[in-house]
Amino acid sequence: MSAAALAVLLLARSAAAAPAAPAIVTDPRIELLGVVQLLSGERPDLPGDAAYRRAVEARFGAFRGDPAVAMYRERARRLGRNEGSGIILLYYTDPPALALRDPGLTPPYLGGPGGAQGERGFLEALRAFARRTDFAAFYREHRADYERVLAASRKDLGVADPLSFLQSYLGMPLDARARWIVSPLFVPSRRNSFIVPYPDPRTLPDPGRRPFEVTTEMAYEPGAGPSGEIVTQRNRQALWQEPLFVFVDPALAAYDAALARAPASYYGREVAACRREDADCAKNWLIAALCARLDTAAFGAPTVHSDGRDPRHDAYEAALASRLTEYEKDRGRWPTLWSFLPRLMAVFPEKAGLRAPPPVLPAARGVKDLFPGARAGRR
């Protein structure tokens, strides 16, 4: 099946499963953080939306000395690209209250020395900033700016409902809700995406009835080229990666459980050693290959590329991506990626020169069926 034909098939399937709410959105918590980030001067590297930036400067420029601005500046300089305030804020309600949404959930990235205490102080400063500046009113007043940015972003990204597109490619539901938050101002750090609860069968043997909540944050970058090609490249890379982990993490865990053999006798010594050093080793190659094939299905060509610093990564990603074309050409034989997984994972023993029979996998109708609790008959 050609990339164009596959794209038509996936778009037709995704149109039949429209989301209950828009998948590509703005968020008042992230816009509040964007105002503080702009005033701090710590991320001047992306242009954002010029008209909106001018409105922010006019409304909030006098607050550059606010404690929230100073605290964000200190956090950004101390943590660098690992500054994860954009994800932490998603655990709280909209400003100015910023109350913890679920007392049973602990926000991520607070495990370091003084992490939780420092976060409480920063949140209190943000609450005070939001009240002093009446940020909620500003957010309401600029709804038209957000709609303009969202319309441009949806057009630029080229996929109105990325989750449905992805589920059509996988051939099974992810049991997840996914949102892509686009900000006309805020520049996310490297920690710009998260899943609650994280789909790791080692810590979550039975996910229960609650769907996975997947969030990815993206910066709006207008005027990057004559047809916006830079914004397309950068943000299209963020469309698939985080929701793919909802499938790949439990699928690889279930696959390894079904192997019943030493890793080296299946994956080969090189990959087995890599997996001992880094649990995400083979998983990241698989994610990269899937992103490349999803890009090809949606856009006609991959927009996700490795940086070329690890030839091993390049080789395995290329081999896995090539194998995925078999899946795309014969969905009648392999209706789900889970059913194709033994053929896909055979790339590893083949490249190691091993003859390893594939495991017999249990049936799975959706991602939650891949967890130990579901396989043991617990629902």
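When the square roots of the Cα gyration tensor eigenvalues are ordered a ≥ b ≥ c, the ratio a/c for segment 43-83 is 1.5 or more and a/b does not exceed b/c, which makes its shape oblate.
The alpha-carbon of LYS155 sits under 14 angstrom from the alpha-carbons of these aspartates and glutamates, leaving out residues fewer than 8 places away in its chain: GLU147, GLU221, GLU229.
For segment 317-359, give the magnitude of the charge dipole about the Cα centre (Cβ charges: +1 Lys/Arg, -1 Asp/Glu; no others), in debye to the nearest 20.
Details: 7 positive and 5 negative charges, 25 e Å.
I would put it at about 120 debye.
Projected label points at GLU74 and ALA315, each 7 Å from Cα along the beta carbon direction, are separated by 4.9 nanometres.
Between ARG355 and SER322, the simple spin-label model (points 7 angstrom out along Cα→Cβ) gives 2.2 nm. Probing with 1.4 Å while keeping every protein chain in the model, the per residue accessible area of segment 119-201 equals 38 Å². Candidate cross-link partners of LYS283 among the lysines, defined by an alpha-carbon separation under 19 Å and a same-chain spacing of 8 or more, comprise LYS351, LYS368.
Counting only protein heavy atoms and a probe of 1.4 Å, the accessible surface of segment 34-164 is 55% carbon and sulfur. The stretch between ARG202 and ARG101, if pulled fully straight at 0.36 nm per residue, gains 33.8 nm over its current Cα-Cα span. Reported to the nearest whole Å, the Cα centre-to-centre distance from segment 32-68 to segment 119-146 is 12.
Could you tell me which trypsin sites (Lys or Arg not before Pro) in segment 114-191 are loop residues by DSSP with no more than 16 other beta carbons within 10 angstrom of their beta carbon?
Of the trypsin sites (Lys or Arg not before Pro), the ones in loops of segment 114-191 whose Cβ has at most 16 other Cβ atoms within 10 Å are ARG190.
Dividing the alpha-carbon radius of gyration of segment 237-350 by the rule-of-thumb value 2.2 N^0.38 Å gives 1.03. Histogrammed with a bin width of 5 Å, the alpha carbon distances of segment 126-216 distribute as 3, 10, 14, 17, 19, 15, 11, 8, 4, 1 percent, first bin at zero.
Determine the sum of side-chain charges near PHE212: Lys and Arg each +1, Asp and Glu each -1, restricted to other residues whose C-beta is under 15 angstrom from that of PHE212.
Details: positive: ARG177, ARG179, ARG209, ARG210, LYS368; negative: ASP102, ASP175, ASP200, ASP206, GLU213, GLU242, ASP249, ASP369.
Net of charged neighbours comes to -3.
Each of ALA151 and ARG269 was given a label point 7 Å from its Cα along the Cα-to-Cβ line. The distance between the two points is 6.2 nm.
The values are calculated or read from the model by the stated rules, or taken from the named source; none is laboratory data. Given the structure is predicted, the values throughout are model-derived calculations rather than measurements. As a convention, Cβ positions derive from the backbone with ideal geometry for all residues, glycine included, and neighbour counts pool all protein chains shown. We work out accessible area using only protein heavy atoms, side chains counted, and drop any ligands, DNA or RNA first. Shrake-Rupley method; radii C 1.70, N 1.55, O 1.52, S 1.80 Å.
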